[in-house]
Every structure is written in C-alpha cells, then in structure tokens.
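The values are calculated or read from the model by the stated rules, or taken from the named source; none is laboratory data. None of these values were measured; they are calculated from a predicted model. Backbone-built Cβ (ideal geometry, glycine too); neighbour counts: all protein chains shown.
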Amino acid sequence: MNPYWDKNFFQVFMIFFQRMVQGFPNMASDEVQILVLSLVAVSTGLLGVFLVLKKMTMLANSLSHTILLGIVLAFVFLGAQVLNFEVLFVAAFISALVTTLLTQFLTHTIRLQEDASIGLVFTSLFALGVVCVTALTRSSHIGIEAVMGNVDALHITDLKLIGIIACINIGVFTLFFKEFQLTTFDSVLAKVLGISPTLFNYLIMILVAMTSIGAFRAVGVLLVLAFLVGPALTARLLTNRLKPLLFLACAIGIFSSLCGVALSRHILSTWHISLSTAGLIVTLIALVYGLTLVYTLRKRSGTHAGTGTKEEKV
Amino acid sequence: MTYSIFDFFTDPVFRAPTVGSMLMCLASSLIGVLVIIRKRSLLGEALSHASYPGVVIGLILISFYFPMQEEIIGIGILAGAFCTSLLALFVIHKMERKFRVKSDAALCFVLSVFFGVGILIASRVQTTHAMWYKQIQLFLYGQSATLMDIHVLTYGILCCLIIALFFLLYRSIEAVHFDVDFSKSIGIRVNFFENMIYCLLALAICIGIRSVGVVLMSGMLIAPGICARQFTHRLSVLLVLSGFIGLISGFFGNYFSVIIPEMMQVEGQKNFSLPTGPMILLFAAFLCAISFAIGLGTRYVRIVEHKWQCRLENALKSMWKNESIEASCALRFWLKWQGWVDEKYHLTPEGFIYASRIVRLHRLWEVYLVDYLGQKVEKVHRNAEEMEHIITPELEKELTLLLNNPRLDPHKQPIPEETL
C-alpha cells in the first residue's frame, strides 16, 4: 500500500519527511521518484553551471541525444541482458567519444561550420539509435520514451545507478574544483600553470554523457536539458560567485523536483488526472526562472529609481 | 508482397504519403540553406522542439470542437505549431537581447522548456483520450503513412508559397545574406527581411514535422544544404541542388520505412512500423557522407596530381641540367609517352622547351625574391623549388615585365629565354 495514496500537496511533504526520519521502510514509488529526481538535479545542477559558463550547452544537447546510440551499441556488442553500471559507463564513454570525434572530423577535415556539424552529427546518430531500437525491440515504444522519460517506471535499481553517478559528479567537482574554476574563467592562466583546458572539457563531456544516461529513464534526453540549463540560468540571475552559484543551482533543481512530484500526486488525488511528472518539473523550472527574472528586474529598476532620486537631490 | 519504386507514385495508399513527405522535405531543405548560411542551424533545433506544444494544443482543441474532421485538425495542428514556434522565437530574441543570456543557453532552455510543456499537456489526455494521444506521439518521429490527399494539398500549397517567395525575393535575399551594408544602401529593409526569413523557418518546420517529426526536424533542415554545399559555392545552384536532395531523401526515407519492416517481418511475430523521420534523416545523412567522401577524394586526387607533376618537372629539370636522375619506372614511361624524351632518354625538342620553362620560372622567382622582397641570395633556392611548379603563364609574363626580362639569376646563372 502506497502511503501517499490520495494525499494532497502538503500531506505529501509531511509524510515524506516523517518517513525520511524513519529511513524509508519499504520504499514507495513516490519516494524513489523524489530521490532519483533530486539526485539528477544535483548532478545536472553542478554540471549545468559549468556548461552555461563555458557556453557548452549545445554540446550537452548533442551528447544527451547520442547516448541512445551508445546504449544500443553497448547492448548489442556486450550482449548484456541487464543494463548494469559498467555497461552504461562504457555506453557513455562510446557516445561521448563518437560524437566529439565525428564533430571534430567534420569541422576540421571537411571544413564544415561548427553549428552545422554539431547539428548534423547528433541528429543523425540519434536517428540511427531510434531506428536500431525500433528494429531490435520491434516496437516504437522505447524510442518515444527516450525523449519523454517515464518517471512512473522508475525502480530502486535506477536509484542506485543515479546515486553512483551523483557521487562521481560530486567527487570530481570537489576534487578538481580549483582546476574547473581556472579553466572556466581563465584558460590562458590554466595553460600556463600546466592545467590542460582540453582535458577538463573532455572530462565534463564524459560527465555529461554519464549524467544523461542516469537521467535517461527518468526524464528522457530532451528534458534533461532543462535540468541542466534552467537552474543554472536562474542561479546566475541571483549571484555572480561560483560557489553560491553551484549551491543555488542544485537547490533550485531539488526544490523543483520535490514540488513536481508532490504536485503531480496532488493533482492525481484531487482531480484524478495523471500528469507527466517530468513535464511538470520542467514547467516548474521555467516558472522559477520567470519569477526570478521578474524579481531581479524589479529590484534592478528599484535601485535605478533610487539612484535617480539621489541624483536629483544632488 | 513487394513494391517497385513506381508503385509509390501510383498506388492510392502510398501516393499521398510519398508525395507529402517529398513536398515537406523540399520546403525544409530550401529554408535550410538560408539557415546554414546564417550559421543559425541550432535555432532550427530550438524552434522545431518548440512547435511540439502547438501541435498538442492544436490537436486537442480542434479534436474537441470538431471531432473526426481530419482536414480541420490538420490545419489546426499547423496553426498551433506555427504560433508556438513564433512565440519561442520571440522568447529567444528577448532572452538574448534584453536579458543578455548567452545564445546557446537561451536556445537550450527554450527548446527543453517548450518541449516539457508540450509533454505536460499531452499527458493530460493520455488516459482520457488515448486516440488523440497516439496521434500526438506520431509527431515526435513523424509518420507519413497516415497522410491523405487533402493534407498533401495543404502542404503543397504552403510549399508553393515558400518557393514562390524565394523566386520573387531571390535578389533581396542574396543581398541581405551576403552584404548587409550594401542592401541597406539600396533601400532593402534588412530587419523586415530577417524577421520574414525566421517566420519562413517556423513555417517550414511546421510543414515538415508531420513526416520528419519534432525531434529530428533540425537535422533534416540542414542535411540537404550541407550535402549540396560540398559541390557548389553559388547560392542559386545551392538552392536547386539542396531542394533536389531534399526531394530524394523524402522519397527514399518514406520508401525504406515501408520496405524495411516488411523485410524484417518474421512469421508469428507482431508487425512493427518504422517512423518515417529517422529514415528520411538517415538517408539524407548518407547522402552527406557520400558528398564528404567525394569532397575528400577530389582533394586527395588533387594533392597526388600536384605531387606527380612536381616529380615530373623535377626530373625534366635535372635532365636539362645534364644531371643524373633516379626516375621510377612509371615516371620514365610517362615521360616517354608524353614525347618529352626519346628512346635513349634524351630530351626531345618539346621536352627541352618544357624543361627550360621550369628552369626559367625558378630563376625568375629567385630574382624577384632578391630584388623585390629583399631576401638573402643563399636562402631563395628552396622557395623557388616550390614556386616553379605553381607559377602560371600569366604570372610569368607579369614577372618578366616587372623584372625587365633579366639575363642572370642571383646565383649568376643564365636564365633561359622565353620560348613559345
């Protein structure tokens, strides 16, 4: 029996925190969803800030598409019946490598402009992935789920997977925080000090591919972009410092995921409509961004008005 | 049952999907050329995803008020998709200009948020109206199999509209795309044109998503243009070629999406259908790969040709100077076959003329380097070794005129006379 059955928005929170103190006896599906999505939000929040600062978000877009092909290839060549962590890691590595190498090949050897080569590579690889998946499984179901995500189908094994991925993300960013900071803001100084910006770009790309694979089942390849970019942009409006930026981005992501799951449960209990939780969370992320934007704009116009009166007094 | 290619144009079931997807790809590949030239191919990605909520809202609203009327539903979907992509265009513009968000982040944010809203709205009807939900899903990867003649007519009219606009405004488009200042000076309203092209982009995307699908539309926009770009530098040829490639990939994508499931059909297992979009895009990408291979191949052939010519000319030059040479069998054969050497490997008159021209170019270039570029005498030989193979007859004439037809090179060696 799901303890969240027929509960409204606030009751969901109350029960969640009560059960958190007890350590989640017989974990319910809503709890799995909340935990998975929060871990996704933490990983993507950390990554997203650096991606936005480095102007690499379109690369994340292409990587999150090509992991589908990576998963299919790993599935075919390694012949794994159950997609365990090692297989998925190999898939992430393959897809990051193939995408980058192909894009570089098109830009440097064929001398195609960069945006066109990115656009061509990832859409073609994704198309190949979709065709392979459809032909192998003989249904178009997985292809559709790949872009939409299916939060309701999450299982406790997904929680383990995304848990490991989040740990890796947090570990890498705490270990190499200084290096990432340096390569993001002053790549010339980084090079002088012997820290290769290219190496850390590749590291970020592998992390993006891995995180996309973790988020793949929950939110799909497209909505993970909102997780990456949305919180980072919102946090960017509020602060200019890197550490608060990272914390804020993670916090906004977790907040949106919590509210999203609770809201979807609330709507199901009161109006008996089952909405897509992933869609709901993305809408919430956009709403948070919009509200923050309005807030900062009003604050900015307020300070402008303040300075205006001061000048008048002078 | 097997189908020939012609059946796809005559068979009443296949006719509409075939012609429909070809028309859609034609429209998108024409607009795609402009997108590539503007270097905004990622904008296409954002706008195509942003059309998804429009599709969902249009389909739900029209199906609710006019149930079972396919023609009106099709137009409603088109209108909805067009509205939301325009809205996305507006939001991206505002984010980039007003709030100074970096272009890539703005595009990513808009595309995923619009798509997420689309999914949210679609999930509302998932359980209550399963039929509508199924129709909405078809727009993700495109499914041209359900197209009917009336749809083809609508899309055909819109395609003709786009092509007609291209014909009418071709000169202005050319001017705006390649020289903004010039077009301003001759009185073209540049801003108006830019906005019109973005609106056309949104329209082409809305036309295309029925057969290519929201997710892969951006790839289909640019793939034919990229393929055509390998063969030509002229805008007019580029447009025609790209449109042609679009037509072909539209046809074969549709063809393979019918044929492959038939071939892979196994007794006793349920049938499956391949979505059209990935097949169309894969075919276009395949054409791109071929064009890349041709481009690389011609570049490689030119390199090999040049190297061969250098070896040939060096051999002739050595013979002219009566130096001993080591020539490969093929080189010797070629020299003889061209009539530059005789049976005993002595230079024929033609060979002598050719060789003395090479020596002349070498020494002329040395004179030029020393007299005009102030190079040291002992350093000029290596550069002249390379230039002697490249200088054209016109350039030789100019050099002779400029240097006043010198007799001696910087190393005090005689320069052979100009021979005709």
Exercise. Restricting region B:122-138 to residues that are facing another protein chain (nearest Cβ under 8 Å) and part of a helix (DSSP H, G or I), which is farthest from residue B:43 (Cα to Cα)?
Worked result: B:124
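Scan region A:200-215 and give yes if some residue there is among the small types (Gly, Ala, Ser), surrounded by fewer than 24 Cβ atoms within 10 Å (Cβ to Cβ) and under 14 Å from the mean Cα position of the chain (by Cα), otherwise no.
Just the residues of region A:200-215 that are among the small types (Gly, Ala, Ser), to begin with: A:209, A:212, A:214-215.
Going one step further and asking which of them are surrounded by fewer than 24 Cβ atoms within 10 Å (Cβ to Cβ), we end up with none.
Checked region A:200-215: no residue is among the small types (Gly, Ala, Ser), surrounded by fewer than 24 Cβ atoms within 10 Å (Cβ to Cβ) and under 14 Å from the mean Cα position of the chain (by Cα).
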Problem set entry | Scan of region B:88-107 for residues that are surrounded by fewer than 16 Cβ atoms within 10 Å (Cβ to Cβ) and outside any helix (DSSP H, G or I), ordered by number | B:98, B:99, B:100
Exercise. Counting just the residues of region B:90-118 that are in contact (Cβ under 8 Å) with a residue 40 or more places away in the chain and over 23 Å from residue A:59 (Cβ atoms), which one comes out farthest from the other protein chains (Cβ to nearest Cβ)?
Worked result: B:118
For this session: Check residue B:283 against each of (1) touching a helix residue (DSSP H, G or I) at 6+ places or on another chain (Cβ under 8 Å); (2) touching a residue at least 60 places away in the same chain (Cβ under 8 Å); (3) more than 9 Å from every other protein chain (Cβ to nearest Cβ); (4) not polar (S, T, N, Q) and name the one condition it does not meet.
Result: (2)
Problem set entry | Close pairs (6 angstrom Cβ cut-off, 6 or more residues apart or separate chains): in contact (Cβ under 8 Å) with a residue 60 or more places away in the chain in region B:354-376, outside any helix (DSSP H, G or I) anywhere | B:356/B:416
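Within the group B:72, B:57, B:77, which residue is crowded, with 20+ Cβ neighbours inside 10 Å and more than 14 Å from chain A (Cβ to nearest Cβ)?
On the way: B:72 fails: crowded, with 20+ Cβ neighbours inside 10 Å; B:57 fails: more than 14 Å from chain A (Cβ to nearest Cβ).
Just one listed residue meets the conditions, B:77.
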For this session: Looking only at region A:25-33, decide whether some residue is crowded, with 18+ Cβ neighbours inside 10 Å, in a helix (DSSP H, G or I) and not acidic (Asp, Glu).
Result: yes
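More than 8 Å from every other protein chain (Cβ to nearest Cβ), more than 30 Å from residue B:263 (Cα to Cα), under 23 Å from the mean Cα position of the chain (by Cα) and touching a residue at least 24 places away in the same chain (Cβ under 8 Å), is that true of residue A:156?
Working: more than 8 Å from every other protein chain (Cβ to nearest Cβ): yes; more than 30 Å from residue B:263 (Cα to Cα): yes; under 23 Å from the mean Cα position of the chain (by Cα): yes; touching a residue at least 24 places away in the same chain (Cβ under 8 Å): yes.
Here the answer is yes, as residue A:156 does meet what is asked.
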Problem set entry | Condition broken by residue B:147, with the remaining ones in (1) within 14 Å of chain A (Cβ to nearest Cβ); (2) touching a Pro at 6+ places or on another chain (Cβ under 6 Å) satisfied | (1)
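Residues are listed down the side, and each one gets a yes or a no for (1) buried (at least 24 other Cβ atoms within 10 Å of the Cβ); (2) in the same structural domain as residue B:279 (by TED's automatic domain parsing); (3) touching a Pro at 6+ places or on another chain (Cβ under 9 Å):
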| site | (1), (2), (3) |
| --- | --- |
| B:196 | no, yes, no |
| B:210 | yes, yes, no |
| B:220 | yes, yes, no |
| B:241 | no, yes, yes |
| B:257 | yes, yes, yes |
| B:262 | no, yes, no |
Seminar exercise, completed: Checked against (1) part of a helix (DSSP H, G or I); (2) buried (at least 24 other Cβ atoms within 10 Å of the Cβ); (3) among the small types (Gly, Ala, Ser), residue B:236 satisfies every condition except (2)
Exercise. In this structure, is residue B:203 modelled with pLDDT of 85 or more and more than 13 Å from chain A (Cβ to nearest Cβ)?
Worked result: yes
Problem set entry | Search result, residues across region B:4-26 that are touching a Phe, Trp or Tyr at 6+ places or on another chain (Cβ under 8 Å) and either within 11 Å of residue B:220 (Cα to Cα) or not in a helix (DSSP H, G or I) (or both) | B:5, B:11, B:24
Seminar exercise, completed: When region A:104-122 is checked residue by residue, the ones that are without any contact (Cβ under 8 Å) to a residue 60 or more places away in the chain, farther than 14 Å from residue B:289 by Cβ, in a helix (DSSP H, G or I) and of a type outside the set (Gly, Ala, Ser) are A:104, A:107, A:108, A:114, A:115
Exercise. Quick check: anything in region A:63-70 part of a helix (DSSP H, G or I) and surrounded by fewer than 24 Cβ atoms within 10 Å (Cβ to Cβ)?
Worked result: no
Problem set entry | Which listed residue is on the phi < 0 side of the Ramachandran plot and modelled with pLDDT of 90 or more, from B:87, B:61, B:78 | B:87
